[in-house]
Amino acid sequence: MHIRISLQSQLHLHALHRRPIMKANSQALKNRSSHDTEREFGGTLGALCIPIFLPLTVLFLISVSRSPEASVLQLPPPLPSTEQLWDPLALVLLLGWIALHALLYVMPLGKVSEGLVLRDGTRLKYPINGFHSLCISGVLLMLLVGLGAPLGCLFELLVPLAVCAIAVSFLFSVYLYIRSFWVPSHALALGGNTGNPLYDFFIGRELNPRIAKFDLKYFCELRPGLIGWVVINLGMLMKEVELRGSPSLAMMLVNSFQLLYVADALWNEEAVLTTMDIVHDGFGFMLVFGDLAWVPFTYGLQAAFLVVHPQALSSLGAATIITLNGIGYYVFRKSNSQKNQFRRDPTHPSVARLETIATATGKRLLVSGWWGLVRHPNYFGDLLMALAWSLPCGFSHILPYFYVIYFTVLLIHREARDERQCRAKYGLAWDTYCRRVPYRIFPYIY
Ligand code: NDP
């Protein structure tokens, strides 16, 4: 999805800023496998520091969320001991989970869709069966729980599982980096072929690495990590049941909200085929780590926090939070669907009457409906939901608000990158749109 980490990269199109030369440049873009693209995320220094800093952040956040103080400023921080870092069961579970999803991926379920046209003029085929995988995983888990499997042990295994996911991310990224030297130049991502090994390893060289028809990037994007996130949440809920006899209202809200988010992403899986992750970004450490470690182990910190820090929630409080999540989801889904529908078929009755402005590319921009309220209504809805996920954890700690804070920074940064790209693509028409719709994400604020 588009559900992921800030670490998502984006093609910078500064070179295309001047409209008259746009066509010639885009032809050049199609043919080149560049060594001259602008480097992102701090270039080589970022590529050196981020793979060290972010895995440590994951371990730190999990450890803090389970400590009695749960304070991110606690000194010394509650770092896990060496014995707590490694458990062979965690590796077996992680590899088994990835294998299960690989199996579900290749099962002939759901339809097959084509991605966008690649630089060599071909289009790749992708199975749209992520939602089936979620449902089958759900049924299998229910069976396991029914048979008495102690799902609550995921709470104890969280740190070793995260360690294994980080290790697998590194090893997998090395494999991806090495294999990228055997593919033709048109199969490389434009931004990931700088010739600097550290940076290319981090940002990703190959655009669509595949083993036969199995697309590694598309597989990792929405399946093992994203579905793993809701399974970890369920494990936290079961731990609460073990400790206190029944799940708390706060825990049930966090579980339900995040399950809805993941189910929505998988229900709309096809939309991922046009995201920058799939279309532009190479598959390297940045995306691998984001998909397999960052998302499952940091997006659901609230559930881990609630196991150790139970919160009483009034009915009114719960109703307010449910309403907030509902509004956020409504704005998020409606705005995303409106744009997707408009891009797929602008003559469809649901979008045909919306006001639009023409651009020199032939594509039009919506200036009414959701996209006439702010320039990124989908980000606004997403942020409302993020807030609703943290509120059940009360106001005593900042840690459960990690996701909403991180996500606000991510989306403001992402919006700026998208804005640059759109200005380069649409020139004057984009400026007109910005004048018509002056706010970026938050109505009347930003
Ligand atoms: P968007 O869906 O916001 O798409 C941006 C693109 O939409 C632009 O590049 C442009 O592309 C098109 N566009 C912009 N304005 C208009 C307009 N007025 N009319 C028509 N088209 C327009 O991109 P994202 O991939 O960033 O976000 C998708 C969803 O994923 C969002 O809801 C976001 O919140 C979510 N997300 C979640 C993350 C997570 O970790 N949880 C991480 C990142 C995103 P073009 O004109 O070429 O079609």
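Based on this model, can you work out whether Val308 counts as surrounded by fewer than 19 Cβ atoms within 10 Å (Cβ to Cβ) and assigned by the TED database to the domain that holds Ser256? Walk me through it before giving the result.
Values: surrounded by fewer than 19 Cβ atoms within 10 Å (Cβ to Cβ): yes; assigned by the TED database to the domain that holds Ser256: yes.
Judged against the criteria, Val308 is a match.
With open to solvent by less than 20 Å² (accessible area, probe 1.4 Å) and not assigned by the TED database to the domain that holds Ser65 as the only criterion, which of Leu301, Leu411, Leu324, Leu354 stands out?
Numbers: Leu301 fails: not assigned by the TED database to the domain that holds Ser65; Leu324 fails: open to solvent by less than 20 Å² (accessible area, probe 1.4 Å); Leu354 fails: open to solvent by less than 20 Å² (accessible area, probe 1.4 Å).
On inspection, the qualifying residue turns out to be Leu411.
Return a yes/no flag: does segment 147-168 have any residue that is without any contact (Cβ under 8 Å) to a residue 40 or more places away in the chain, open to solvent by 10 Å² or more (accessible area, probe 1.4 Å) and within 26 Å of Leu48 (Cβ to Cβ).
Yes, segment 147-168 has at least one match.
Filter segment 29-52 for residues that are loosely packed, with under 14 Cβ neighbours inside 10 Å and at pLDDT below 90; which is farthest from Phe202 (Cα to Cα)?
Asn31
Kindly evaluate Ala271 against the criterion of being modelled with pLDDT of 95 or more and assigned to a helix (DSSP H, G or I). Quick ask: steps written out before the conclusion?
Details: modelled with pLDDT of 95 or more: no; assigned to a helix (DSSP H, G or I): yes.
Considered against the rule, which asks whether it is modelled with pLDDT of 95 or more and assigned to a helix (DSSP H, G or I), Ala271 comes out as no.
When you check Pro392 against the structure, is it touching a residue at least 40 places away in the same chain (Cβ under 8 Å) and more than 8 Å from the ligand (Cβ to nearest atom), yes or no?
yes
What do you reckon, is Leu216 open to solvent by 10 Å² or more (accessible area, probe 1.4 Å) and over 18 Å from Leu301 (Cα atoms)?
Numbers: open to solvent by 10 Å² or more (accessible area, probe 1.4 Å): yes; over 18 Å from Leu301 (Cα atoms): yes.
Yes, satisfied.
Could you grab me the full set of residues in segment 248-263 that are open to solvent by 10 Å² or more (accessible area, probe 1.4 Å), in contact (Cβ under 8 Å) with a residue 40 or more places away in the chain and part of a helix (DSSP H, G or I)?
Taking segment 248-263 and keeping what is open to solvent by 10 Å² or more (accessible area, probe 1.4 Å), we get 248-249, 252-253, 255-257, 259-260, 263.
Adding the requirement that they be in contact (Cβ under 8 Å) with a residue 40 or more places away in the chain leaves 248-249, 253, 255, 257, 260, 263.
Across segment 248-263, the qualifying residues are Leu249, Leu253, Asn255, Phe257, Leu260, Ala263.
For segment 269-283, give me the residue count where each residue is touching a Phe, Trp or Tyr at 6+ places or on another chain (Cβ under 9 Å) and open to solvent by 20 Å² or more (accessible area, probe 1.4 Å).
So the count comes out to 1.
When you check Gly121 against the structure, is it assigned by the TED database to the domain that holds Leu292 and open to solvent by less than 40 Å² (accessible area, probe 1.4 Å), yes or no? Talk me through it step by step, then tell me what you get.
Details: assigned by the TED database to the domain that holds Leu292: yes; open to solvent by less than 40 Å² (accessible area, probe 1.4 Å): no.
When the stated conditions are applied, Gly121 does not pass them.
The values are calculated or read from the model by the stated rules, or taken from the named source; none is laboratory data. As the structure is a computational prediction, the values presented were derived from the model and not from experiment. Every residue, glycine as well, gets a Cβ built from its backbone with ideal geometry; the counts of neighbours run over all protein chains shown. For accessibility, only protein heavy atoms count, side chains too; no ligands or nucleic acids. Shrake-Rupley method; radii C 1.70, N 1.55, O 1.52, S 1.80 Å.
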